[in-house]
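Student: I'd like to ask some things about the structure below.
The values are calculated or read from the model by the stated rules, or taken from the named source; none is laboratory data. Computed from a predicted model, the values in this text were never measured in an experiment. The protein model used for the area step is the full one, side chains on, heavy atoms only, and it has no ligands, DNA or RNA in it. Shrake-Rupley method; radii C 1.70, N 1.55, O 1.52, S 1.80 Å.
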Amino acid sequence: MTAGAVPTRIGGTAEPAGLSRLAVATLDANWEHDHTVPSRTLYPHQWSWDSAFIAIGLAHVRPGRAWRELASLFRAQWADGRVPHIVFNPALRVGAYFPGPELWRSADVPGAPSVATSGLVQPPVHALAALLAYRRAPDQHGLAALRQLYPALVAQQRYLAQRRDVAGDGLVCVVHPWESGLDNSPAWDEPMAAVDAEAAVMRAYRRHDTAHADAAHRPTDLDYARYLAIVAAYRDHGYADRDLADGHPFLVECPLFNAAFSSAEHALADIAALTGFDPGPHRVRADRVTEALVRRLYDPGTGTFQPRDLRTDRLVGARTVLGLAPLLLPNLPNRQVDALVAEATSARFGVARRMDRPLPSHDRTAPDFEPLRYWRGPSWLNIGWLVRRGLTTHGHPELAAGLRRSMIDLVAGAGCHEYFHPDTGAGLGSPAFGWTAALLLDLLADESTC
Ligand code: 9WN
């Protein structure tokens, strides 16, 4: 089956073998010498958290590639430990993606790798991915790969803990919405409104994304003008993290990013135990981050987690799917677990044993819910996968099963799209998207896998 094709439906549900063939064909088509591109058209380079999700799926069918995927990403790790959010493929023409290497200028920074990269990071889901890749294919090669990755994963965490704890509260601060992975989420509207930029500056550039996807489904020109202004501020500061609090235009503590950060310590503890290192310090750090997450980002008034804008020291008002991410943490206190299950099953997000609509990326009852625009409403498989994992972790197998079914149905109905209409399930964005294919394989493999 070719990537992009939709498998034949049998009795209302596509046959699992057909879906699995579609997912493998998509991953094979997106494989590029040592990594998988998220999309051949929209995102033709390597992206950080995409590679982590993709490795989890590859482990089921191409375990050797799963390890190569992670190894190639970590070869681009900077000397300070940051894992860049984009690793550029030097073989591609200038303009294959905007903003390309000419905007980031990583070569000018001491400690950057020889390959061109961005200077931002993305949610650190890689330790979890490495652990799960090993569990999905537990052989000697995997164990050796895990042992080799361990120090790099530790350095990634150290960078975040030491350089990005801008408020000194034990949480990581993201310095750009791209770092959250949910670029134009309504969660960023308040902090972004303070970033000084004019949509008109985009006349000087050629956006690559709107040549491949409907502009009405993508961030706006004003969003992009602000994205570029924040990149320029960070780059002109040498991508140094000192003194960020003194003037960097975007400083936010994100619940999903910090849930991933704590979850990485849990995963590192398990990896350490498997590979002969000491798991103890990782468990201590996981407890510390989860405690800080609850103290700083949980809002007892709304019963969910919300980002904190460090420039105002206030929680942002929007209730987005980011708030559900801490469910991922096995050490989340019961009070917050119960509150998040209530939030997930409310009319805002609609998680149920039998879901009539997929999990949206934003509160579907909010006035600024936009069913077509990227992270402002559409349904994404990586977020559903994380929430499902959290529901399984906290003893809600029936809700987890309902969410799993709805995700499989999305791909059965529309193919391996990047995101999906949150009411109709229609496919949106790239039609052959890496993490959709990979996480589908993981969901198909085992109904109870955690
Ligand atoms: C900017 C690659 C990436 C994902 C992000 C998603 C999108 C890039 C873009 O694509 O972001 O990094 O050009 O819009 O928001 O989560 O990693 O798939």
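Student: Picking from 17, 269, 204, which is most flexible by a Gaussian network model of the chain using Cα springs under 10 Å?
Tutor: Result for the chain, Cα springs under 10 Å: 204 fluctuates most.
Student: If you don't mind, another one. Return one whole number: the accessible area per residue of region 300-447 in Å², for a 1.4 Å probe. Display every interim value, and only then the final one.
Tutor: Working: 4910 Å² over 148 residues.
Per-residue value: 33 Å².
Student: Based on the alpha carbons, how large is the Rg to Rh ratio for region 298-391 when Rh follows Kirkwood?
Tutor: On the way: Rg = 13.0 Å, Rh = 13.6 Å.
Taking Rh as the inverse mean 1/r over Cα pairs, Rg/Rh reads 0.95.
Student: Could I ask something else about it? Kindly provide the helix-only [θ] at 222 nm of the chain, computed as the sum of -39,500 (n - 2.57) over DSSP H runs of four or more divided by all residues, to the nearest 500 deg cm²/dmol? Before the final figure, lay out each step's value.
Tutor: Numbers: 16 runs with 204 residues, N = 450.
About -14500 deg cm²/dmol.
Student: Oh, and also: Compute the Kirkwood hydrodynamic radius of region 182-241, taking the inverse of the mean of 1/r over all pairs of distinct Cα atoms, and give it in Å to one decimal.
Tutor: Numbers: mean 1/r = 0.0796 Å⁻¹.
By the Kirkwood definition, the hydrodynamic radius is 12.6 Å.
Student: Now, a different point. Quick one: what Rg and Dmax do you get for region 129-269 from the alpha carbons, in Å?
Tutor: 18.3, 55
Student: Using only the Cα atoms of region 359-424, what do you get for the radius of gyration and for Dmax, in Å?
Tutor: 12.0, 33
Student: Rule-of-thumb check for region 50-112: C-alpha Rg over 2.2 N^0.38 Å? Mind dumping the intermediate values first?
Tutor: Numbers: Rg = 13.6 Å, N = 63, 2.2 N^0.38 = 10.6 Å.
After normalising by residue count via 2.2 N^0.38 Å, the value is 1.28.
Student: Can you give me the three principal axis dimensions of region 411-450 from its C-alpha atoms, in Å, biggest first?
Tutor: The principal-axis extents, from largest down, are 27, 21, 14 Å.
Student: Quick one: work out Rg over Rh on the C-alpha atoms of region 1-153, Rh as Kirkwood radius. Could the numbers behind the result be given before it?
Tutor: Values: Rg = 16.7 Å, Rh = 16.4 Å.
Rounded to two decimals, Rg over Rh is 1.01.
Student: Follow-up question, since we're still on this one. What three numbers, in Å, describe the spread of the alpha carbons of the chain along their principal axes, ordered from the longest?
Tutor: Dimensions of the chain along the principal axes of its Cα atoms: 58, 50, 48 Å.
Student: With a 1.4 Å probe and every protein chain kept in, tell me what percent of the accessible surface of region 377-450 is carbon plus sulfur.
Tutor: On the way: 940 of 1830 Å².
Looking at region 377-450 in its full context, I get 51 percent from C and S.
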